[in-house]
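Following: one structure in structure tokens, then a few remarks.
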Amino acid sequence: MEGTKEERMEDERREDERGGDGGNGVRVLVDARDKLGISWQSGENEKQGMLVMSWEGRAGVSGVEPGDFQLYVTALGALWADAGIQEAYARRSEFQLAIELGQTQLKTNTTCS
């Protein structure tokens, strides 16, 4: 990857402002980890998970300070390295299946009512 660390960070921030993923993939994994009952490898990552989950709506907002964005990028890196998130990623099909079954059941209950 070319450019300095600061340039790459700025490019990532701009991508988020244009409506890039904005860490939504990691947010889904943090949520799935919790719902699948998977423990954090590092208890410190619970704070990182809360930061990522609270970021909703901020990614894509113009004027995000580079310092705030650096905290977010650091949290994403720490979470992705966590064995709990890696297990949630490996088991993502279980989580997706549970969501799909719940939606199907909701549709069935709504249609039968």
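Derivation of every value follows stated rules applied to the coordinates shown; laboratory data play no part. All values reported here derive from a predicted model rather than from experimental measurement. Methodologically, a virtual Cβ is constructed for each residue, glycine included, from the backbone with ideal geometry; neighbour enumeration extends over all protein chains shown.
What to note about this one:
- If you plug the beta carbon distance of Asp31 and Glu65 into 1/(1 + (r/R0)^6) with R0 = 35 Å, you get a FRET efficiency near 0.85.
- Using the Karplus relation 6.51 cos²θ - 1.76 cosθ + 1.60 with θ = phi - 60°, the per-residue 3J(HN,Hα) values for the stretch 35-42 come to 5, 8, x, 8, 7, 6, 5, 10 Hz, with x marking Gly and Pro.
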